[in-house]
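Undergrad: Sharing a structure with you now.
Since every read-out is calculated from the coordinates, none of them should be taken as a lab result. In this text the structure is predicted, and so the values were computed from the model without any measurement. For neighbour counting, all protein chains shown are included, and Cβ atoms are generated from backbone atoms with ideal geometry for every residue, glycine included.
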Amino acid sequence: MVVAMGLEQMDQYAPVLMMALVAIAASGGMLAASVIAGKRGHRPAIKDTAYECGMIPIGSNSARFAVKFYLVAMLFILFDIETVFLYPWAVVYKDMLTTNASLILGGMISFMAILAVGFAYILKKGALNWRE
Amino acid sequence: MIGLSHYLALSAILFSLGLLGVLVRRSLLVVYMSLELMLNAANLALVAFSRFNQNLDGQVVVFFIITVAAAEVAVGLALIVALFRLRQTTHIEDLNTLNH
Amino acid sequence: MNYGELLKLLAPESILALTLLLVLGADATFLSGRAPGLRRAVAASLTVAGCMGAIYWIFFFPIHGHLFSGVLVVDPLTQVTKQVLLLLTAATALLTLETAFTPHVGEYFGLQLLATLGFLFMVSSEDILTIFVALELASLSLYMLASFAKGNLASAEAGLKYFLYGGLASAFLLFGFSLLYGLTGETLLAKIAAKITTTPRDPLLVVAISMVLTGLGFKIAAVPFQLWAPDVYEGAPTPSAALIASGSKLASFFLLEKMMTIGLSSAVGSGAFHALAAGWVPMLAMLAGLSLIVGNLTALAQTSVKRLLAYSAIAHAGYALLGVIANSSQGFVALLFYVMTYGFTVLGAFGVVAVVERQTGSDRLEAFAGLSRRSPVLAGVLFVCLLSLAGIPPLAGFFGKFYLFAAILRAGAPSLGILWLVILAIALSAVSLFYYLQVLKQAFVREAPLELPFSVKPSTQLVLILLALCVILFGCAPDLLVSKLLLALKAAAPGLVF
C-alpha cells in the first residue's frame, strides 16, 4: 500500500498526522500525566493540615481563608479591565460623532449601563460590605 | 532585524510552555496560570500579525481576549475556592471523586 | 447602520438579556427571604416567559440582515435555530423546578439565560472575534452551572474539570484563529475563505485547522477530546447537564458547520479511503469514527445513567459529524434536524433522570427498577426517548440518522469513498440498542424492593410529555421540520451551491 503511493499522496496524510499529534499531546498527555502522578504522589487531605503529625488542629483550618480579599480583588479586576474599551472609544469619539452619533453614543451608554447594573447587583448582594 | 517569524516562534514557544504546564503541573493554580499563558501566546501572535499585515483587526481581537481572560480568571478562581472549601486541597490528583 | 437598527436585529437577544436582569432583580429584591419553592417558581416562569417572548418576536417580526458586513448575521436559518435553542432553555428551566440543590435561585436561572444568550450569539456570529466572545460567554456560564451545587463535592469537581478542559480548548481555538488571521489578514469567515484559495497550501494552515478543530472538538465532545464529558454529566446538577447536552450541543454544531463550510470552504480535502487529501474532511472523519467507536463501546459498561447518557452523547456527536463531513446543503439540514431532535430527546431523558434522582437519591441503573409501576408517565417518556436515541422507527432519532446517512452517501456518491464511515455508524447503532435496552429493562421488567409511586410536579409531567410528543411527531412527520430547515437554508444562502 504505502509503496504504491506517490510522495505527493503521502504528503496528503500530513493533516491527519498533525491532528493525531495534537490529539495525542492534548488528551493522551493529560491522561498519562495524571496516571503517572496518581501512582507517584498520593496526597491525603491530612497532608494539607497544619500539623501532619502531633496534635490535631482544633476547629476549622479554613477560618483563616480571607475570602473578602479575594472577592474584592476579583471584582476589581473585572471592573478595571473594562476600561480598556474606553480608550479606543475615546479616540474615535469626535470623528464618529459627526458621522454616526447614535452608534457611538448608544454603544457606550448601553455598555456603561450594563456595568452599572452589575455594580448595583454586587452592592445589593453585599459583596463589597467589608465589615460583615 | 526582528521579523514576523521571530514573534511567531516566541508565541509558539509560549503556547507550548503553557500546554506543558497544563499537562504536567499538579497544582491547580499553576495549571491555571499555564492556561493564561496559552491565551497570551495567542495574543502575541495576533498583535504580531496585526503589525505585519498592516491591519488593526488583530489588535481589536486582543482587547476582547484580555477582557474575556479576566472573566475566566474570576470564574476559575471561584471554582477553585469552591473546591478548596469542600476538599481543603488545590491539587489535581485530588480531583478523583468521579473516577470510578 | 445606526443604533436603532442594531437593537432591532438583536431584539431576541435583548429580550433575553432584559429577562436575565428581571430574574436577578426580582430574586434580589422583593423575593429575598421568601420560601425557595416560591422563588424557583417565579424565576422559572420569568425565564420561560422571556424565552417565549423572544420566540414570539422572531416568529412575528422576521427581520434579516448583516451587521458590519457580516460580523453578526441574522437570516432565516439562524432564526429557526434560535427558536429551537430558546425552546430547549425554556424546557430546561421548567425541569429545574424538580430539583432543589441551591439557595441561589435567581443566579441559577440567570446563568441558564446567560448561557442561552451565548448560544444565540454563537449561531449569529460569522467573525472570529464575535465567535470567540460568544463561545466564551456560553462556556463560562456553563462552567458555573456545572459546579452550582456548592455543597456537593462531585459538582465542584465536575465544574473544575469542565473549566480546565474547556479553558484548554479555548486556548487551542484562539491560537488557531490567530493563525487564520495571520495567514489571511481577515477576521470575517467569508473573507478568510476567499483569501485561502489564493494562497498555496501552507503548513501553517494545516496547523490552524487542526487547532480550530481541537477547540471545537472539545465543545461537541468528540473523541479524543471527550474526557470531560462523562465526569461533567455525572457530577453536574441534572438541569445543567441537560443544558450542556442539548442547547450547547446544537449551538456548537451550528458553529462548527459554519466554521467549516464558510471559513474553510477552500480547504475541504477528502476523507475517501483511497483518495485522502489534505483538509478538514479527513480530520473530521477520523474524529467521527473514533467518537462512534469509543462512545458506543464505553457506554456498554456504565452503571450510572447520567454517565451512560454522556457516552451516548459522545457517540451521537460522531453521528452528527457525518452531516458536517457531507459538506452539502443536504448534510447541513440533516445535521440540524439530527441535533435539534437529539436536544429534545436528551432533555426528556435527563428530565426523567432528574425525577428519579430526587426521589431515590441515585442515578444508578438499579434506581430505575420498577419505574413503569412507580410512574407510568415517566416510564413512557423514558421509553420514547431512549428508543429514539437508539434510532428505532418511527421516532425522530431514526429519521435523523437516515437523513445523515443519505446526505453523506449522496455527497460521496461518485467514489463511495466514505462508505466505511457509514458502515461503521450503522453497525455501532445496533450495539447502542443494547445499552439503551438495559435501562428500559430496569424500568419495565425489574421490580424495586419498595414500589412507592413517585410524586412528579405537574409542570415536569407536562414538559416531559410535550418533549416525548415532539420526538414522536418529528419521527412520524419529519418533513415538518426538514422542509422548514430547507426553506430557511435556501433563503439564507440563495447563491450557495454545495
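Undergrad: Pull out the extension gain between C:Ser483 and C:Leu21, defined as 0.36 nm times the separation in residues minus the alpha carbon to alpha carbon distance; nm, one decimal.
TA: 162.7 nm
Undergrad: Counting other Cβ atoms within 10 Å, keep those with at most 14, restrict to DSSP loop, and tell me which trypsin sites (Lys or Arg not before Pro) in segment C:1-89 are left.
TA: Loop-located and lightly packed - C:Arg34.
Undergrad: I would also like to ask the following. Identify the trypsin sites (Lys or Arg not before Pro) of segment C:399-492 meeting these criteria: DSSP loop state and at most 16 other C-beta atoms within 10 Å of the C-beta.
TA: C:Arg446
Undergrad: Turning to a different aspect of this structure: Shape of the protein assembly as shown from its Cα gyration tensor (a ≥ b ≥ c, root eigenvalues): rounded if a/c is under 1.5, otherwise prolate when a/b > b/c, or oblate?
TA: On the way: a/c = 1.21, a/b = 1.05, b/c = 1.16.
Rounded, because the longest to shortest axis ratio a/c is under 1.5.
Undergrad: If each residue's Cβ is checked for other Cβ atoms within 10 Å, how do C:Thr360, C:Thr460 rank with the fewest at the top?
TA: C:Thr360, C:Thr460
Undergrad: Principal axes first, then extents: for the Cα atoms of chain C, list largest minus smallest coordinate on each axis, whole Å, largest first.
TA: Answer, in whole Å and largest first: 69, 53, 41 Å.
Undergrad: Another question, then. If R0 is 45 Å, what FRET efficiency do you get for B:Phe84 and B:Ser5 from their C-beta distance, rounded to 0.05?
TA: According to the calculation, E is roughly 0.55.
Undergrad: Any idea how far apart C:Leu409 and A:Trp130 come out in nm if each label point goes 7 Å out from Cα toward Cβ?
TA: It is 7.3 nm.
Undergrad: Going by the alpha-carbon gyration tensor, a ≥ b ≥ c the square roots of its eigenvalues, is segment A:63-132 rounded (a/c under 1.5) or, if a/c is not under 1.5, prolate (a/b greater than b/c) versus oblate?
TA: Cα axes put segment A:63-132 in the prolate bin.
Undergrad: Right, another one. Segment C:384-498: D in µm²/s via Stokes-Einstein (Kirkwood Rh, Cα pairs, 20 °C, 1.002 mPa s)?
TA: 125
Undergrad: Report the charge-dipole magnitude of segment C:133-274 in Debye, nearest 20, computed about the Cα centre from +1 at each Lys and Arg Cβ and -1 at each Asp and Glu Cβ.
TA: In total the dipole reaches around 220 debye.
Undergrad: Determine ³J(HN,Hα), in whole Hz, for all residues of segment C:71-85 in sequence, where each value follows from phi through the Karplus function 6.51 cos²θ - 1.76 cosθ + 1.60 and θ = phi - 60°; x replaces Gly and Pro.
TA: Here the 3J(HN,Hα) series is 4, 10, 10, 10, 9, x, 5, 5, 5, 4, 4, 4, 4, 5, 4 Hz.
Undergrad: Points 7 angstrom from Cα along the Cβ direction at C:Phe61 and A:Asp95: gap in nanometres?
TA: For C:Phe61 paired with A:Asp95, the spin-label model returns 3.3 nm.
Undergrad: Please work out the Cα center distance from segment C:364-379 to segment C:52-77, rounded to the nearest Å.
TA: Spelled out, the Cα-based centre of one part sits 42 Å from the other.
Undergrad: Which listed residue (C:Tyr143, C:Leu378, C:Val48) has the Cα farthest towards the positive end of the charge dipole for chain C, taking +1 on Lys and Arg C-beta and -1 on Asp and Glu C-beta about the Cα centre?
TA: Ranked along the dipole, the leading option is C:Leu378.
Undergrad: Let me ask something additional. Lys and Arg at +1, Asp and Glu at -1: add these up for the other residues within a Cβ distance under 12 Å of C:Ser329 and post the number.
TA: Residues close to C:Ser329 contribute a combined charge of +1.
Undergrad: Now for a separate question. Each label point is 7 Å from the Cα along the Cα-to-Cβ direction; what then is the distance between the points at A:Ser102 and B:Leu20, in nm?
TA: A separation of 5.5 nm, rounded to one decimal place.
Undergrad: Related question: In what order do C:Asp75, C:Asp363 fall by count of nearby beta-carbon atoms within 10 Å, going from fewest to most? Working shown, then result.
TA: Details: C:Asp75 18, C:Asp363 21.
Final ranking by Cβ density, sparse to dense: C:Asp75, C:Asp363.
Undergrad: A further question follows. Using the number of other C-beta atoms within 10 angstrom as an exposure proxy, rank C:Met283, B:Met33, C:Met144 with the fewest first.
TA: Ascending number of Cβ neighbours within 10 Å: B:Met33, C:Met144, C:Met283.
Undergrad: Moving to a separate point now. Over what distance in Å are the Cα centres of segment C:440-474 and segment B:1-30 separated?
TA: Here the answer is 51 Å between Cα centres.
Undergrad: Could you give the longest part of chain C that holds none of the GluC sites (Glu not before Pro) found in DSSP loops with at most 16 neighbouring Cβ atoms within 10 Å?
TA: Details: sites that count: C:Glu447, C:Glu451.
With a cap of 16 other Cβ atoms within 10 Å, the longest stretch comes to C:1-446.
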